[in-house]
Amino acid sequence: MRIPLAKPDITEKERKAVLNVLKTSSLSLGKKYLEFQDVVAKYVGVKYAVAVNSGTSGLHLIIRALGIGEGDEVITTPFSFISSSNCILYEGAKPVFVDIKSDTFNINPEFVEGSITPRTKAILAVDIFSQPADWDELKRIAKKHKLHLIEDSAEALGSEYKGKKCGSFGDAGIFAFYPNKQLTTGEGGVILTNNKEIYELCQSMANQGRKVEDGKWLEHVRLGYNYRLDEMSCALGIAQMSRLKEILAKRERAARLYNQKLKSIKRLETPYIKEGNKISWFVYVAKLAEKFAGAKRDKIIKEMAKKGIQCSNYFQPIHLQPFYRKKFGYKKGDCPIAENVSSRTLALPFFSNMREKEIDYVANNLKKIFDEFI
Ligand SMILES: Cc1ncc(COP(=O)(O)O)c(C=O)c1O
């Protein structure tokens, strides 16, 4: 058996939706673009959405729209995908890493206030592995110190914090739609906000700095980019949104099955869900017992690969990435909890159409590898 780490859930509905766009001559900035934005904004319960060509582009535009730049600092988490920090660098600002909680893997608000300086402009938190961050506490701190709050919800479409959808916290947030996500548009992302000014700036900057309302195609009122999402991707996104409930239910089922099959393995912890949080299952990441950290975890990944099972070591701490070490002088020990967690995580194959026998195959091989090799 060969089991990939992730696989998109595409049906005839999605294929038809994309083909229908191709039968028209409207392949960019058409009806699908408007409809997709509308559908996502309504689902999350925010006023505005801007569809963009990646989650990274969305984060970049939010940083720019908030006027964050040279000399500014943004407090963020080291336990994430590189984009949540790179977007700060794009504008010449400095990411200041604050350690995480060992259970949720999210930024620990208790450490945030101690890292605020006169240069701090924003807190950028991530709903990692679709687990909502501590939004009430982060909001309280942001308000008290007059900081912007940014939500990187790339991995959390459908997750809820205290009954409210992720993507709706902070001044602005994003989702990402790469094919490993709960919902995919191929490449793609969306910016979400209730703030009209941020919305208009992002919409304009995503479209080469055009003044969107008056439609003068060759008038550029600010520096912009081509971060637009095309009509085929938007049509794919609309079809995926119409199936989101079904997709998330399938992911929930797969996660429950994993929980059942792995609970007898004392050498790992199955994913933790904090009270008040509902998670939409981006990935299934187990945390190995301390004695299997680092090289042993990596050996497990290699042995699983020999059985045709693709696993991963999500995530390596951002502050220890070679480029970050070199540029900012970050070193081992700067964020000990993130470093410990990242040496123990094991992401197992996970996608909405996983069959029970595939989950059995993964669980049984994992048990065998623990017994025979580790
Ligand atoms: C936490 C996080 N932020 C940002 C991104 C960037 O999204 P994209 O790959 O669409 O640029 C990702 C994508 O995997 C992510 O996981």
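Summary table below
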quantity	calculated
Residue within the range 155-170 that is part of a helix (DSSP H, G or I) and open to solvent by less than 20 Å² (accessible area, probe 1.4 Å) present	no
Count - residues of the range 272-288 that are farther than 14 Å from Pro349 by Cα and not polar (S, T, N, Q)	9
Hey, Leu89 of a type outside the set (Val, Ile, Thr), within 23 Å of Leu147 (Cα to Cα) and within 14 Å of the ligand (Cβ to nearest atom) or not	yes
Residue in the range 221-242 that is more than 30 Å from Gln316 (Cβ to Cβ), within 16 Å of the ligand (Cβ to nearest atom) and among the acidic types (Asp, Glu) present	yes
Count of residues meeting criterion [closer than 24 Å to Glu246 by Cα and part of a loop (DSSP other than H, G, I, E, B)] in the range 177-214	12
Scan of the range 318-334 for residues that are assigned to a helix (DSSP H, G or I) and farther than 13 Å from Thr77 by Cα, ordered by number	Pro322, Phe323, Tyr324, Arg325, Lys326, Lys327, Phe328
Considering residues of the range 11-23 that are without any contact (Cβ under 8 Å) to a residue 12 or more places away in the chain and not basic (Lys, Arg) only, the residue nearest to Phe350 (Cα to Cα)	Glu12
All positions within the range 317-339 that are within 30 Å of Asn259 (Cβ to Cβ) and either hydroxyl-bearing (Ser, Thr, Tyr) or surrounded by fewer than 17 Cβ atoms within 10 Å (Cβ to Cβ) (or both)	Pro336
Qualifying residue in the range 359-371 (condition: in a loop (DSSP other than H, G, I, E, B) and either under 30 Å from Thr11 (Cβ atoms) or at pLDDT 95 or above (or both))	no
Candidate set from the range 143-154 (those that are surrounded by 24 or more Cβ atoms within 10 Å (Cβ to Cβ) and part of a loop (DSSP other than H, G, I, E, B)); member that is farthest from the chain's Cα centre (by Cα)	Ser153
Sole residue being away from the ligand (no atom under 16 Å from the Cβ), on the phi > 0 side of the Ramachandran plot and out of contact with any Leu (no Cβ under 8 Å at 6 or more places or on another chain), chosen from Gln203, Gln208	Gln208
Complete set of residues in the range 177-189 that are buried (at least 24 other Cβ atoms within 10 Å of the Cβ) and either near the ligand (Cβ under 10 Å from one of its atoms) or modelled with pLDDT under 95 (or both)	Phe177, Lys181, Thr185, Gly188, Gly189
Residue within the range 341-357 that is free of Cβ contacts under 8 Å to residues at least 60 places away in the same chain and more than 16 Å from Ala254 (Cα to Cα) present	yes
Single match in Arg344, Arg355 (criterion: open to solvent by less than 80 Å² (accessible area, probe 1.4 Å) and basic (Lys, Arg))	Arg344
Boolean, Ile174 is within 11 Å of the ligand (Cβ to nearest atom), at pLDDT 95 or above, open to solvent by less than 30 Å² (accessible area, probe 1.4 Å) and part of a strand (DSSP E or B)	yes
Positions within the range 6-42 being of a type outside the set (A, V, I, L, M), within 30 Å of Arg355 (Cβ to Cβ) and surrounded by fewer than 18 Cβ atoms within 10 Å (Cβ to Cβ), in sequence order	Lys7, Thr11, Glu12, Lys13, Arg15, Lys16
Subset of the range 43-71 that is under 24 Å from Glu113 (Cβ atoms) and open to solvent by 20 Å² or more (accessible area, probe 1.4 Å) - its residue that is nearest to the ligand (Cβ to nearest atom)	Leu66
Which listed residue, of Leu236, Leu229, Leu244, is surrounded by 16 or more Cβ atoms within 10 Å (Cβ to Cβ), of a type in the set (A, V, I, L, M) and in contact with an Asp or Glu (Cβ under 8 Å, 6 or more places away or on another chain)	Leu236
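Here's the yes/no breakdown for (1) over 22 Å from Ala49 (Cα atoms); (2) among the aliphatic types (A, V, I, L, M); (3) within 11 Å of the ligand (Cβ to nearest atom); (4) out of contact with any His (no Cβ under 9 Å at 6 or more places or on another chain):
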{"residue": "Ile75", "(1), (2), (3), (4)": "yes, yes, no, yes"}
{"residue": "Thr104", "(1), (2), (3), (4)": "yes, no, no, yes"}
{"residue": "Arg119", "(1), (2), (3), (4)": "yes, no, no, yes"}
{"residue": "Asp136", "(1), (2), (3), (4)": "yes, no, no, yes"}
{"residue": "Leu149", "(1), (2), (3), (4)": "no, yes, no, yes"}
{"residue": "Asp152", "(1), (2), (3), (4)": "no, no, yes, yes"}
{"residue": "Glu160", "(1), (2), (3), (4)": "no, no, no, yes"}
{"residue": "Lys164", "(1), (2), (3), (4)": "no, no, no, yes"}
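The values are calculated or read from the model by the stated rules, or taken from the named source; none is laboratory data. Since we're looking at a predicted model, the values are computed, not measured. Because the Cβ atoms are built from the backbone with ideal geometry, glycine has one as well, and the counts that use them run over all protein chains shown. For accessibility, only protein heavy atoms count, side chains too; no ligands or nucleic acids. Shrake-Rupley method; radii C 1.70, N 1.55, O 1.52, S 1.80 Å.
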